[in-house]
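The values are calculated or read from the model by the stated rules, or taken from the named source; none is laboratory data. Since we're looking at a predicted model, the values are computed, not measured. A quick note on method: Cβ atoms are made from the backbone with ideal geometry, for glycine too, and the neighbour counts reach across all protein chains shown. Keep in mind that these areas ignore ligands, DNA and RNA; they rest on the heavy atoms of the full protein, side chains included. Shrake-Rupley method; radii C 1.70, N 1.55, O 1.52, S 1.80 Å.
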Amino acid sequence: MGEKGEPVAGPAKKPMFIGTNVVKPDAKGRVAVPARHRDRLRDCCASRVAVTVHPKGRSCLWMYPWNEWDSVATAVANLPPLNDQNARLQHMLLSNAFELELDSQGRILLPPILRSHAGIENGCEVAIIGQGRRFEIWEAEAWNAVNTGYVAAVNEPGSELSADLQNLLL
């Protein structure tokens, strides 16, 4: 309790983004963010997001709520740049990042360079995948192939969980 008996607010809880939604971009490259995520994005970051390429060059995009991106970008920018791995990560994430804002219909306009990186062409569908504190954006057929590979790998004989996964309460 505070000085006058009022409850003391704890740290704001960060939203979790989960699930997969498939949407079709319009002719201009605008992608509708799933309705179930729009309110959380409005509340946590005033509908501002950062979209960048996957840090290991996979054919997908990473989309962060702006408040999360600010933390990630600061941490990446503060890495010692004379280390080659750090410099590559800084180049991949920071130089390919775009600050975007959801429009009144809850869409983001993906820049052509990012659409090209992810293989998102006119007429294709896009999978928006919640990954906890961020999203991944995939061309839908590419995501289906990757996800099928993940399922197959988990079910391979001899496939074992890492120690980190074994310690989770699943």
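This table checks each residue for (1) open to solvent by 30 Å² or more (accessible area, probe 1.4 Å); (2) over 22 Å from PHE98 (Cα atoms); (3) modelled with pLDDT of 80 or more.
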residue	(1), (2), (3)
ILE129	no, no, yes
PHE135	no, no, yes
ALA140	no, no, yes
ASN147	yes, yes, yes
TYR150	yes, yes, yes
ALA153	yes, yes, yes
GLY158	yes, yes, no
ASP164	yes, yes, no
LEU169	yes, yes, no
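Only one of the numbered conditions (1) touching a Leu at 6+ places or on another chain (Cβ under 8 Å); (2) open to solvent by 30 Å² or more (accessible area, probe 1.4 Å) is not met by HIS91, and that is (1). Only one of the listed residues (HIS117, HIS54) is under 14 Å from the mean Cα position of the chain (by Cα), buried (at least 16 other Cβ atoms within 10 Å of the Cβ), at pLDDT 95 or above and not small (Gly, Ala, Ser). That residue is HIS54.
When each of ASN96, ASN67, ASN78, ASN83 is tested for being within 17 Å of the chain's Cα centre (by Cα), of a type in the set (S, T, N, Q) and farther than 26 Å from LYS24 by Cβ, the lone residue that passes is ASN67.
Applying the condition of being surrounded by fewer than 16 Cβ atoms within 10 Å (Cβ to Cβ) and among the hydroxyl-bearing types (Ser, Thr, Tyr) to segment 60-79 and asking which residue is farthest from GLN90 (Cα to Cα) yields SER71.
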